[in-house]
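Inspection log for the structure reproduced underneath, given as structure tokens.
The values are calculated or read from the model by the stated rules, or taken from the named source; none is laboratory data. Computed from a predicted model, the values in this text were never measured in an experiment. No Cβ is skipped: glycine too gets one built from the backbone with ideal geometry, and neighbour counts run over all protein chains shown.
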């Protein structure tokens with residue numbers, strides 16, 4: 001592990017990540033579920049920034065790693081579990097179970113990640129679904145559900161919004177699936193390790209431009225769709241690799 005002076009630079013963003021995670025919990029308890037959901041998503045972006053800044057400034061440290069894990073445990077473990085419990089699970093029989101399993105899975109995933117970093121195992125991908133992605137998926141779904149209840153139709157995709165009530169009854173199952181994916185051995189792309197200075201291929205540039213426009217037009221819906229594809233990408237990658245292995249064995 002590289003130790004450098006100035007660890008306060010990325011740690012500032014980690015502290016901000018933790019701060020918004022705590023704000024999310026307080027707002028969820030006070031019944032402002034929309035704010036609570038957006039605070040989790042803000043924490044997600046701050047978590048991306050602190051990692052990039054730590055690598056760019058070469059201020060990665062053991063302190064930063066531990067601090068980041070503690071912040072992630074609050075922002076992407078406790079906060080989304082409390083939010084989903086208060087919005088969806090409170091009226092379910094044993095609704096606390098998926099919330100507790102989710103928090104436990106986040107803790108296990110973070111502990112495994114820290115262990116792999118300390119042992120210098122640095123694959124170019126994540127092992128298991130990253131907890132920020134799982135938490136942000138739950139948060140944006142809560143936001144979409146509240147938009148549906150308020151009958152807000154401005155800048156939303158009607159087809160997707162009509163499906164929201166059908167998904168609500170599956171929230172416990174979704175949380176169990178996310179919990180399993182976080183502690184699984186599935187591979188997920190680690191975009192944070194890709195250099196921003198690398199020249200983008202023309203097709204990729206067009207794709208990024210299209211996604212940016214889509215996010216501008218339908219911010220909540222697009223975040224939900226992007227995160228859904230990312231969650232599914234690990235499962236798709238598993239079956240693709242399985243098919244390739246079987247073809248080679250033939």
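Figure legend. Inter-residue proximity from segment 124-139: first residues within 23 Å of residue 27 (Cβ to Cβ), second residues not in a helix (DSSP H, G or I), beta-carbon distance below 8 Å, spacing 6+ or different chains. Indicated pairs: 133/188. For first residues located in segment 151-178 and at pLDDT 90 or above, partners that are surrounded by 11 or more Cβ atoms within 10 Å (Cβ to Cβ) and lie 6+ apart or on another chain with Cβ distances below 6 Å form the pairs 171/88; 172/98; 175/98; 175/102; 176/98; 178/134. Condition check for residue 114 on (1) at pLDDT 95 or above; (2) within 19 Å of the chain's Cα centre (by Cα): one failure, at (1). Among the residues of segment 39-60, those that are in contact (Cβ under 8 Å) with a residue 40 or more places away in the chain, crowded, with 19+ Cβ neighbours inside 10 Å and either under 24 Å from residue 142 (Cα atoms) or out of contact with any helix residue (DSSP H, G or I) (no Cβ under 6 Å at 6 or more places or on another chain) (or both) comprise 39, 40, 41, 43, 44, 47. Here 64, 77, 31 are screened, and the one residue that is over 17 Å from the mean Cα position of the chain (by Cα) and closer than 17 Å to residue 113 by Cα is 64.
Scanning segment 216-239 for residues being without any contact (Cβ under 8 Å) to a residue 12 or more places away in the chain, surrounded by 10 or more Cβ atoms within 10 Å (Cβ to Cβ) and over 18 Å from residue 138 (Cα atoms) gives a total of 2.
Based on what the data block shows, is residue 126 surrounded by 15 or more Cβ atoms within 10 Å (Cβ to Cβ), modelled with pLDDT of 95 or more and under 20 Å from residue 189 (Cβ atoms)?
The answer is no for residue 126.
Taking the criterion of being out of contact with any strand residue (DSSP E or B) (no Cβ under 9 Å at 6 or more places or on another chain) and over 12 Å from residue 187 (Cβ atoms), the residues of segment 226-238 that qualify are 226, 227, 228, 229, 232. The residues in segment 162-183 that are more than 30 Å from residue 115 (Cα to Cα) and under 21 Å from the mean Cα position of the chain (by Cα) can be counted, and the count is 5.
Just checking, does segment 186-201 include any residue being part of a loop (DSSP other than H, G, I, E, B), within 17 Å of the chain's Cα centre (by Cα) and either at pLDDT 90 or above or within 30 Å of residue 112 (Cβ to Cβ) (or both)? Yes: segment 186-201 contains one or more residues that are part of a loop (DSSP other than H, G, I, E, B), within 17 Å of the chain's Cα centre (by Cα) and either at pLDDT 90 or above or within 30 Å of residue 112 (Cβ to Cβ) (or both). From the list 106, 142, 97, 101, the lone residue that is surrounded by fewer than 15 Cβ atoms within 10 Å (Cβ to Cβ) and modelled with pLDDT of 90 or more is 97.
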